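Taking it in order: structure first as structure tokens, then the write-up.
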Amino acid sequence: MTALSRSDAAFIRPVPSGGHLGGACLRARELILLCEAAGYDIVIVETVGVGQSETEVANMVDCFIALQIAGGGDDLQGIKKGIMEVADLIVINKDDGDNRGNVAIARHMYESALHILRRKYAEWQPQVLTCSALQNRGVDQVWQTLCDFRSTLAASGRLEQVRRQQALHWLQQQTKEQTLHMLFARPDFARYFQHTLQAVKSNDLSPRTGLRRISEFLQNHYFQ
């Protein structure tokens, strides 16, 4: 990263998630499009983590890479079904020194797990690769495999199909976000919502009853 930050051909922009779930910030897709418009033909998006819910970025990129470190607990975290189902490529870093044995074990675990999962794409079998960024070993193979993946999907027409589906997903998500924003901007609803929250907090209402009353409020005031 230090060497890359000194390159005139690279632009690095840290963006906080702002509490937004999914692993990336709320405007990540727009930032990707902005970088592409600026002439950057390769855009790498690093997420805040690899939890089961941190996979929203898969709806923004051509290739989703799950980067793992063996021996530190990440190998167990990464085998969670949510990550394995969306990963196009699994890369285990720090394949060097005393950690090489742990990397070999982790690689076998990932490969075994992939065999029992349904493929994300019929054209591509997700692969498990190892590398050492410290020793600059295996990184070229990771890049070549990524290029092979993209070429395979482009040749079959799947890449264009995926990008169209991603655009639809973005529209759906943003519609929900904007609708909620406009709804909570209404003083009457905001007051009723807070009143209901307090009633649930004081145990005067059950959460289910609170939800029903909020639904009735919306129906009576906005959806008649």
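The values are calculated or read from the model by the stated rules, or taken from the named source; none is laboratory data. Owing to the predicted nature of the structure, the values given are computational and were not obtained by experimental measurement. All Cβ positions, even for glycine, are placed from backbone atoms using ideal geometry, and neighbour counts span all protein chains on display.
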Next item on the list: Would you check if GLN141 is touching a Leu at 6+ places or on another chain (Cβ under 9 Å), modelled with pLDDT of 95 or more and not aliphatic (A, V, I, L, M)?
Entry: yes
Note to self: Looking only at region 103-154, count every residue that is in a loop (DSSP other than H, G, I, E, B), within 28 Å of GLN165 (Cα to Cα) and small (Gly, Ala, Ser) and tell me the total.
What the structure shows: 1
Check: Residues of region 118-139 being small (Gly, Ala, Ser) and farther than 14 Å from VAL86 by Cα, which ones?
Finding: SER132, ALA133, GLY138
Note to self: Just to be sure I understand, how many residues within region 1-33 are closer than 16 Å to GLN174 by Cβ and at pLDDT 80 or above?
What the structure shows: 7
Next item on the list: Could you please find all residues in region 191-223 being part of a helix (DSSP H, G or I), in contact with a Phe, Trp or Tyr (Cβ under 9 Å, 6 or more places away or on another chain) and of a type in the set (Ser, Thr, Tyr)?
Entry: TYR192, THR196
Item checked: Residue that is surrounded by 10 or more Cβ atoms within 10 Å (Cβ to Cβ), outside the structural domain of CYS25 (by TED's automatic domain parsing) and not small (Gly, Ala, Ser), where the choices are LEU211, LEU153 -> LEU211
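Applying the selection to region 95-112, what residues are surrounded by 18 or more Cβ atoms within 10 Å (Cβ to Cβ) and touching a Lys or Arg at 6+ places or on another chain (Cβ under 9 Å)?
Hits for region 95-112 are ASP95, VAL103.
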Next item on the list: Take GLU111 and decide whether it is farther than 30 Å from LEU26 by Cβ, of a type outside the set (A, V, I, L, M, F, W, C), assigned by TED's automatic domain parsing to the domain that holds PHE64 and in contact with a Leu (Cβ under 7 Å, 6 or more places away or on another chain).
Entry: no
Item checked: Meets criteria (in the same structural domain as ILE69 (by TED's automatic domain parsing) and free of Cβ contacts under 8 Å to residues at least 40 places away in the same chain) for LEU117 -> yes
Note to self: Looking at ASP88, ASP98, ASP75 in this structure, which one is over 21 Å from the mean Cα position of the chain (by Cα) and either acidic (Asp, Glu) or at pLDDT below 90 (or both)?
What the structure shows: ASP98
Next item on the list: Could you please let me know if LEU171 is free of Cβ contacts under 8 Å to residues at least 24 places away in the same chain, exposed (fewer than 11 other Cβ atoms within 10 Å of the Cβ), at negative phi and of a type in the set (A, V, I, L, M, F, W, C)?
Entry: yes
Notebook entry, point to check: Where residues in region 34-50 are out of contact with any helix residue (DSSP H, G or I) (no Cβ under 7 Å at 6 or more places or on another chain) and surrounded by 15 or more Cβ atoms within 10 Å (Cβ to Cβ), which of them is modelled with the lowest pLDDT?
Noted result: VAL48
